[in-house]
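Report on the structure given below.
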Amino acid sequence: MRFPFDGQRVLVTGASLGIGRAFATRMAADGSDLVLVSRRRIALTTLADELRARYCVEVDVVAADLSLPGAAASLVSTLDRRGLKVDVLVNNAGLGVHGDLAQSRLVTVSQQIGVNVTALTELTTLLLPGMVARRRGTVINVAGTAAFQPVPHMAVYAATKAYVLSFTRALWSETRGSGVRVLAVCPGATDTAFFDIAGEAASVGSRRTPEQVVDSTLRALHSGYPDVVDGTANALLARVASRIPNRLAITLAERSVRPEPFSAVLIS
Ligand SMILES: NC(=O)c1ccc[n+]([C@@H]2O[C@H](COP(=O)([O-])OP(=O)(O)OC[C@H]3O[C@@H](n4cnc5c(N)ncnc54)[C@H](OP(=O)(O)O)[C@@H]3O)[C@@H](O)[C@H]2O)c1
C-alpha cells in the first residue's frame, strides 16, 4: 500500500531504531523528504546517508533529547532556522518502564511522561497550525494497545498511551475538514529494542514487525477512522479490553505483564 507523501517532508521522532526507523525507511522509499529526530546523532546520520543514497531524498538530522523541558520548542526553532516545513509529523519516540510505582525512580517516570506525552503534545501544538494554514498535513501519533486498559506494573506507561489515544481522537475531530489527517496507531508487542528498557515481562503475545506496524498505519490513513490497532489479534484484544468491566480488564492486564518471580527487571 502506497501513500502519496512524495515530495512532502516527514518528521519522524525516534527514527534511530525500531518502528520509527521503519517509518523513515518506508517514507523515503515512497519519495518523501525526511527530518530524523532522536538522541543518537551517529545512528541518525548513518541512516540519513543510507536513505539519501538509496532513495535520492533530502534527509535532515536533529539530535534531541525529547524528555527535556522545552525540547519540542527548541526542535521547532531548529526547523525554522533551517527553513524546513513539516507536512507529516510522526510522533513515534517513546519508552516504557516495567515496575511498580513504589519502587520506581522519579527520573524514569518523568522521562516516560516527557517523551510520550509532553514532547508529543508540544510538537503537535507547534506544527499543526502551519498544516492547517496550508490545508495539508498529517499527524501520526504512536500510542499502543496499552492505551485500552490500565496496566499494573506499567502504570505510567499505559497512562501515557491512554493519553495519546484520547488526545489524538479529540484532535481528529477538531481537524476534520481542515485538510489535516490525524491518526493514532496502536501497536501491540512489536519486535524492537523497546523491551531492552521495558523488560521481557512487558511483552504480551507474539511480536509483529515494525514494517507491519507501518503498513497498518499507511492503510489506515485511507480510512476515516481516528485510530488503528496493528494486527488482527491485537485489535481483538483491544476491543475486548474496552468492553469488559474495568476490574476484569485490570486483572487480566496485571496477569499478562506480571513479573516472573526472581527475574531482574531493568528499571533505568
Ligand atoms: N515495541 C513495542 O512492542 C511497542 C508496542 C506498543 C507501542 N510501542 C510504541 O512505539 C514507539 C516506538 O517504539 P519502538 O518499539 O520502536 O522502541 P525502540 O526500538 O526502543 O525505539 C524507541 C525510539 O525512541 C527514541 N527515544 C527514546 N527516548 C528518547 C528521548 N528521550 N528523546 C528522543 N528520542 C527518544 C529512541 O532513539 P534514541 O535512543 O536514539 O534517542 C528510538 O529511536 C514508542 O512510542 C512505543 O511506546 C512499541
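Just so you know, all these numbers are worked out from the coordinates, no wet-lab data involved. No experiment lies behind these values; they were computed from the predicted model shown. Every residue, glycine as well, gets a Cβ built from its backbone with ideal geometry; the counts of neighbours run over all protein chains shown.
Of note:
- Alpha carbon centroid spacing (whole Å) that separates segment 21-72 from segment 218-243: 27
- With neighbours defined as other Cβ atoms within 10 Å of a residue's Cβ, the residues Thr125, Thr108, Thr25, Thr168 order from fewest to most as Thr125, Thr108, Thr25, Thr168.
- Span from the segment 140-162 Cα centroid across to the segment 100-131 one, whole angstrom: 12
- Of the trypsin sites (Lys or Arg not before Pro) found in segment 96-192, the ones in coil according to DSSP and having at most 10 other Cβ atoms within 10 Å of their Cβ are Arg135.
- Estimated translational D of segment 19-79 in µm²/s (Stokes, Kirkwood radius over Cα pairs; 10 °C; 1.306 mPa s): 133
- Compared with the dominant principal axis of the Cα atoms in the chain, helix 246-257 is inclined by about 80°.
- Segment Ser74-Arg136, extension gain: residue separation times 0.36 nm, minus the distance between their alpha carbons: 20.0 nm
- Over the residues of the chain, the helix contribution to mean residue ellipticity at 222 nm works out to -14500 deg cm²/dmol, using -39500 (n - 2.57) for each DSSP H run of at least 4.
- Length added when fully stretched, Thr45-Glu260, from 0.36 nm per residue minus Cα-Cα: 73.5 nm
- Debye log10 I(q)/I(0) at q = 0.25 Å⁻¹ for segment 46-119, Cα point scatterers: -1.19
- Among Gly20, Gly114, Gly31, residue whose mean-square fluctuation peaks in a GNM of the chain (springs only between Cα atoms under 10 Å): Gly31
- With the Kirkwood sum run over all distinct C-alpha pairs, the chain has a hydrodynamic radius of 18.7 Å.
- Gaussian network model of the chain, springs between alpha carbon atoms under 10 Å - residue of Ile250, Ile19, Ile140 with greatest fluctuation: Ile250
- The GNM of the chain, with springs linking C-alpha atoms under 10 angstrom apart, assigns the highest mean-square fluctuation among Ser104, Ser38, Ser16 to Ser104.
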